[in-house]
Amino acid sequence: MKSLLLRFTAATMAPKRQGKPPANAPWVPDPVTGKVSHEYGHLPWVTADVSLLTHGRSAARLSAALGNLSAFDSWSVHQRYLDGTAVAEADVSQRRTVAQEILGLHEQALITGRLQ
């Protein structure tokens with residue numbers, strides 16, 4: 001997702017301050033101040049905010065993929081370290097489907113340089 005955000009939105013991994021190392025997470029500069037207006041870390045991202053960042057011919061395709069991220073609304077980064085017994089099989093299946101779609105978009109973008 002980060003790669004798609006960086007390629008098809010205004011998000012960047014540039015240093016947030018001059019002379020500092022690159023950012024750890026994608027962020028969007030405020031057009032007036034240049035300071036961080038949004039920062040994106042772990043899912044679930046705020047899909048509406050991310051969709052507003054899309055631009056160009058690929059915007060509709062990326063927005064559609066981002067809309068599917070609602071499958072991750074109940075996911076927390078802390079679940080990475082649990083044993084999985086509290087995870088519903090239906091949630092995992094839905095998230096896997098969305099992840100596969102996003103991976104396909106990423107592969108396509110790497111090969112063709114665009115989303116179709």
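The values are calculated or read from the model by the stated rules, or taken from the named source; none is laboratory data. Predicted model only: the values in this text are computed from it and were never measured. Reconstructed Cβ throughout: ideal geometry from the backbone, glycine too, with neighbour counts over all protein chains shown.
Per-structure values
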{"quantity": "Any pair with Cβ under 6 angstrom, 6 or more apart, that starts in segment 80-105 at a residue that is farther than 16 Å from S70 by Cβ and ends at one that is surrounded by 11 or more Cβ atoms within 10 Å (Cβ to Cβ)", "calculated": "L105/A65; L105/L115"}
{"quantity": "Helices (runs of 4 or more DSSP H) completely within segment 17-116 that count 3 or more residues being within 13 Å of M1 (Cβ to Cβ) and modelled with pLDDT of 75 or more", "calculated": "89-112"}
